[in-house]
Amino acid sequence: EAQVTQNPRYLITVTGKKLTVTCSQNMNHEYMSWYRQDPGLGLRQIYYSMNVEVTDKGDVPEGYKVSRKEKRNFPLILESPSPNQTSLYFCASSLGRRGKLFFGSGTQLSVL
Amino acid sequence: AQSVSQHNHHVILSEAASLELGCNYSYGGTVNLFWYVQYPGQHLQLLLKYFSGDPLVKGIKGFEAEFIKSKFSFNLRKPSVQWSDTAEYFCAVQGDNDMRFGAGTRLTVKP
């Protein structure tokens, strides 16, 4: 089944403790992206990747890192999480840079 | 600056009422337009999309949207809503490198 898989689904952590949210797609998509969803703000793009080893900043990249060592994986790294990064995070992928986005199920992150 | 605006934050309708959700965008260049729906506790799912051609596009579950280039608008419509349409709806505009989303419109349909 074609899908985008994120883990974990829920995560509670404390300020400053490094964490990684994994994202994997099985559709051989070139384009992958991370969004955060906050009430009243919709989805805002954090980082995106056009292909392996190619990543670019979105609208809200501060405090986040990503890597794209393999085509299928696009992890989101928070080196030193802060409470303002408490949010719902979605990974998405598409075949090309223009096309329908397939979304993962989301990761609800709480930073205390 | 590139932006996507959804006019209504929360819409409450009774079943069988007609729906229209507004979406306007500001974007240079050629764009693709989307409406996504997020049911409670779920991820976003595509309702419909416009790339080119007929500006009136039909999507799943009886939804349709009309692209009006001169107004930079892509409004979502449904003639008769159902309780199961209760969800949050996001308009999205895709440029060369990114996809920007509106803030979302929460639709509540009363049985």
Mind listing just one residue for me: the one in the stretch B:17-32 that is within 12 Å of chain A (Cβ to nearest Cβ) and out of contact with any Lys or Arg (no Cβ under 7 Å at 6 or more places or on another chain) and, of those, nearest to B:L107 (Cα to Cα)? B:C23
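Suppose we filter the stretch A:13-39 for residues that are closer than 26 Å to B:R106 by Cβ, touching a residue at least 40 places away in the same chain (Cβ under 8 Å) and either of a type in the set (A, V, I, L, M, F, W, C) or open to solvent by 30 Å² or more (accessible area, probe 1.4 Å) (or both); how many remain?
Of the residues in that region, 2 qualify.
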Would you mention how many residues in the stretch A:58-110 are basic (K, R), away from every other protein chain (no Cβ under 14 Å) and open to solvent by 20 Å² or more (accessible area, probe 1.4 Å)? 4
Scanning the stretch B:49-76 for residues that are under 30 Å from A:T107 (Cβ atoms), modelled with pLDDT of 95 or more and aliphatic (A, V, I, L, M) gives B:A65, B:L76
Tally, over the stretch A:56-111, of residues that are of a type in the set (S, T, Y), at pLDDT below 95 and over 12 Å from the mean Cα position of the chain (by Cα): 1
Does the stretch A:75-102 hold any residues that are of a type in the set (G, A, S) and either within 20 Å of A:Y10 (Cβ to Cβ) or part of a loop (DSSP other than H, G, I, E, B) (or both), and which are they? A:S80, A:S82, A:S87, A:A92, A:G96, A:G99
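The values are calculated or read from the model by the stated rules, or taken from the named source; none is laboratory data. The model shown is predicted, which means the values in this text are computed figures rather than measured ones. For neighbour counting, all protein chains shown are included, and Cβ atoms are generated from backbone atoms with ideal geometry for every residue, glycine included. Note: areas computed on protein heavy atoms with side chains; ligands, DNA, RNA excluded. Shrake-Rupley method; radii C 1.70, N 1.55, O 1.52, S 1.80 Å.
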